[in-house]
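A.B. asks: Pasting a structure here, questions to come.
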Amino acid sequence: MTAVRTMPDGEAPPTAPAAPGAPAPQSPGRMRRALKAVTPGPTPDAGGAAIYRRWWLPWLWMLPAIVGAAAFGVFPFLNTLVLSFTDAKPLGGAAGFVGLDNYTRMLGDSDFWLATRNSVLYAVIVVPLMVILPLFLAVLVEKNLPGIGFFRSAFYTPVLASSVVVGLSWQWLLADQGLVNTWLEKTHIIKGAIPFLSDSWLILLSAMGLTLWKGLGWYMIFYLAALGNVPKELHEAASVDGAGAVRRFWHITVPGVRTSMMLVGTLTGIGSLRVFTEIYMLGGSTGGPGGADRTLPFYIRDVGLDPLSGNAGYGAAVSVALFVLTLGLTLLAQRLTKENES
């Protein structure tokens, strides 16, 4: 039997010799000093004096961003909310408290519901197309083929142009004597000019086409980044099993980029509810014949910012309604995203 050696009180047991090449064990004093060096508290400077880290120092570095967010985000929102309960004028002056009168007027305003219908219809048509079409483009230009860089640049070029320049170009294309009507008449497809810029429904559809054409290249970049994270082995295994290109697209590509699809849908939906420039450039300052193509931002400009007959309080109430509609769309998209992830 092996004898067990007992150590006197207060005496530390002997340590086994370290293996060759192993780091030397640290003493308790060195370990305490190292632990103290990484814990918050006073930090000695070069002269040995203690320098304390103030709790407010990180907030000092964040102060410019906080001030910017408060000045250009929080304050305008709160100011709009307060204005919606008044009868303020666009050019200033005394504003009286009117309670819920602006909201009551809004619910009974047929022009408001027409603008809401146009905005919602815009989102219902544009969002699904903007989610699917850029994905098709990304799949087409994903492969490294000779000359593929030219097509990527061509698809992305409309993103670089301003909305006003694009709108003027589409005016020239869709006018009664524009390129589209002239070509269709010369090829005897139509006998008379199609009223792209005078019919209310065609103006709305043309504006949707402009939005799609300008945004395809932008969201194509989103999908190209997402497609890079889809394992190529899945496509190779499915191809070996006999799956065609269409089946691989629906069962491998689409599930792999589903999160990006939800992001594109959310951003496109918010942008569709805020559309203004496209309607203004194609439908004119009235928003189509008789204002039939006005969206909510267009309607807010007409009722809230007109210097003669505008009511800033009523325009603020419509702005709050637009905010609630946008918030509801965003929350719905987040819920769908969580359900798909689970």
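The values are calculated or read from the model by the stated rules, or taken from the named source; none is laboratory data. Here the structure is a predicted model, which means the values were calculated and not measured. Methodologically, a virtual Cβ is constructed for each residue, glycine included, from the backbone with ideal geometry; neighbour enumeration extends over all protein chains shown.
A.B. asks: Is there a residue in the stretch 280-298 that is buried (at least 22 other Cβ atoms within 10 Å of the Cβ), out of contact with any His (no Cβ under 7 Å at 6 or more places or on another chain) and among the aliphatic types (A, V, I, L, M)?
C.D. replies: Within the stretch 280-298 (the criterion being buried (at least 22 other Cβ atoms within 10 Å of the Cβ), out of contact with any His (no Cβ under 7 Å at 6 or more places or on another chain) and among the aliphatic types (A, V, I, L, M)), the answer is yes, since at least one residue qualifies.
A.B. asks: Pull out all pairs, ordered by first then second residue, where Cβ-Cβ is under 9 Å, the residues are six or more apart or on different chains, the first lies in the stretch 144-169 and is farther than 18 Å from Met220 by Cα and modelled with pLDDT of 90 or more, and the second is not aromatic (Phe, Trp, Tyr) and not in a helix (DSSP H, G or I).
C.D. replies: Partner pairs satisfying both residue conditions: Ser169/Ala161.
A.B. asks: Then there's this: Quick check on my filter: what residues within the stretch 126-149 are assigned to a helix (DSSP H, G or I) and crowded, with 17+ Cβ neighbours inside 10 Å?
C.D. replies: Result: Val126, Val127, Met130, Val131, Pro134, Leu135, Leu137, Ala138, Val139, Val141.
A.B. asks: Continuing with the same structure: Would you check if Ser319 is touching a residue at least 60 places away in the same chain (Cβ under 8 Å), under 30 Å from Phe85 (Cα atoms) and of a type outside the set (A, V, I, L, M, F, W, C)?
C.D. replies: yes
A.B. asks: Of the conditions (1) touching a residue at least 40 places away in the same chain (Cβ under 8 Å); (2) buried (at least 17 other Cβ atoms within 10 Å of the Cβ); (3) not in a helix (DSSP H, G or I), Ala95 clears all except one; give me its number.
C.D. replies: It is condition (2) that Ala95 fails.
A.B. asks: In the set Val324, Val303, which member is among the aliphatic types (A, V, I, L, M), surrounded by 14 or more Cβ atoms within 10 Å (Cβ to Cβ), in a helix (DSSP H, G or I) and modelled with pLDDT of 90 or more?
C.D. replies: Val303
A.B. asks: Something else now. Looking at (1) without any contact (Cβ under 8 Å) to a residue 40 or more places away in the chain; (2) surrounded by 12 or more Cβ atoms within 10 Å (Cβ to Cβ); (3) more than 24 Å from Val246 (Cα to Cα), which one does Gly215 not meet, given that it meets all the others?
C.D. replies: (1)
A.B. asks: Something else now. Based on this model, can you work out whether Arg152 counts as surrounded by 14 or more Cβ atoms within 10 Å (Cβ to Cβ), part of a helix (DSSP H, G or I) and among the charged types (D, E, K, R)?
C.D. replies: Yes; evaluated as a whole, the condition is true for this residue.
A.B. asks: Right, another one. Pairs needed: first member in the stretch 106-127, of a type in the set (Phe, Trp, Tyr); second member anywhere, in a helix (DSSP H, G or I) and buried (at least 22 other Cβ atoms within 10 Å of the Cβ); C-beta distance under 6 Å; at least 6 residues apart or different chains.
C.D. replies: Pairs found: Tyr122/Ser272.
A.B. asks: Output the qualifying pairs, or none if there are none: Cβ atoms under 7 angstrom, residues six or more apart or on different chains, first residue in the stretch 246-274 and exposed (fewer than 14 other Cβ atoms within 10 Å of the Cβ), second residue among the aromatic types (Phe, Trp, Tyr) and at pLDDT 90 or above.
C.D. replies: Nothing qualifies.
A.B. asks: Does Arg117 satisfy the criteria of being surrounded by fewer than 17 Cβ atoms within 10 Å (Cβ to Cβ), out of contact with any His (no Cβ under 6 Å at 6 or more places or on another chain), among the charged types (D, E, K, R) and part of a helix (DSSP H, G or I)?
C.D. replies: Numbers: surrounded by fewer than 17 Cβ atoms within 10 Å (Cβ to Cβ): yes; out of contact with any His (no Cβ under 6 Å at 6 or more places or on another chain): yes; among the charged types (D, E, K, R): yes; part of a helix (DSSP H, G or I): yes.
In short, yes.
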